Amino acid sequence: MAANDLEKEIQELRKELGTLQRDVGRLAEESGKVTKRASDSAQEAAATALAKLEAEAQKLMDKLHDAGERAVRGGETVVAGVEESIQERPLLGTAAALGIGFVLGMLLNRRS
């Protein structure tokens, strides 16, 4: 009788072990699905953030390009004004250049 009871307990333990194995298998499967969803969500979030970052970088590049063009136009305007002034009064332009050169020469000579 004791052997019969022992055999029944072993059978019950085997059933419970089989149930436990199935449960662990299902749990592992669900865990894999959750991990995959989390990974997909993280990839989507990263792609969205990258797209936003690229858009902002493009906006900044456009602003920088516009500012550069304005600076070039401003410089061209100044150069044109100086050229016109020199053409109208060549002696004054020459004297100014000579004076500026003299002052710079004196300043640089003092530092040496």
Every residue from the stretch 80-112 that is assigned to a helix (DSSP H, G or I) and among the hydroxyl-bearing types (Ser, Thr, Tyr): SER85, THR94
For the stretch 78-112, give me each residue that is under 46 Å from the mean Cα position of the chain (by Cα), loosely packed, with under 10 Cβ neighbours inside 10 Å and of a type outside the set (A, V, I, L, M, F, W, C). ARG111
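Computed from the coordinates by the stated procedures, all read-outs in this text should not be read as laboratory data. Not measured: the values here are computed from a predicted model. Backbone-built Cβ (ideal geometry, glycine too); neighbour counts: all protein chains shown.
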